[in-house]
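So the structure is just underneath, and the comments pick up after that.
The values are calculated or read from the model by the stated rules, or taken from the named source; none is laboratory data. Since this is a predicted model, take the numbers as computed values, not measurements. Reconstructed Cβ throughout: ideal geometry from the backbone, glycine too, with neighbour counts over all protein chains shown.
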């Protein structure tokens, strides 16, 4: 009789231990899923030589995604409906714009190896000069603003010790701590850079449309929502 009681108690203990292990595995699975949602990218662009077979491209992409932590099931969902379109765009930017207009994983080509026009070369130099000017301006005003022991935020007027600040944002209000005049000047320079890039892209599309050139695959993969 005594032995029977001990056996019954042992079974109950084992059942409890099994349940705890089950809960622990479930919690670990949920934690792993939560972490994967945080670490996985939502969009990624891949580029491959036009001579590489599409089957090998898929294999290479699969290997990389496995290294990044995706499961085979998630990879299959990413590749679902993938199509390598024999459509060639004049520039990489133009190809990316098209890919982002689609709500799925897709592949197209863009031209490479075409000698730029004189206007493209000129615009490229202007962009580099303007970007360097913007970088120098921001570096100067960052060093001036945040070189003192205490810094006053131009937005909320809080006086904060430099050790608590990650320039240029204020830890109190979250706004840029630099003055309005500095911000306006920096923004004007950024807009100038962007305008030059738009002009460059327009000229590149016009110029490249006249030539055949080489080609390169560009694939945009998007991550479908990972459900529990």
*asked:* Within the range 202-210, does at least one residue satisfy the condition of being within 25 Å of residue 120 (Cβ to Cβ), touching a strand residue (DSSP E or B) at 6+ places or on another chain (Cβ under 6 Å) and part of a helix (DSSP H, G or I)?
replied: yes
*Within the range 171-205, which residues are free of Cβ contacts under 8 Å to residues at least 12 places away in the same chain and surrounded by 14 or more Cβ atoms within 10 Å (Cβ to Cβ)?*
183
*Could you list, in sequence order, the residues of the range 120-151 that are under 25 Å from residue 171 (Cβ atoms) and surrounded by fewer than 16 Cβ atoms within 10 Å (Cβ to Cβ)?*
135, 137, 139, 140, 142, 143, 144, 146, 147, 148, 149, 150
*asked:* Against the conditions (1) surrounded by fewer than 15 Cβ atoms within 10 Å (Cβ to Cβ); (2) closer than 30 Å to residue 219 by Cβ; (3) at pLDDT below 95, where does residue 105 fall short? Just the number, please.
replied: (1)
*Do we have residue 216 as surrounded by 13 or more Cβ atoms within 10 Å (Cβ to Cβ), at pLDDT 95 or above and within 17 Å of residue 117 (Cα to Cα) here?*
no
*Of all residues in the range 178-213 being closer than 16 Å to residue 114 by Cα and modelled with pLDDT under 95, which is farthest from the chain's Cα centre (by Cα)?*
212
*Given (1) touching a strand residue (DSSP E or B) at 6+ places or on another chain (Cβ under 9 Å); (2) within 30 Å of residue 121 (Cα to Cα); (3) outside any loop (DSSP other than H, G, I, E, B), where does residue 196 come up short, assuming only one miss?*
(1)
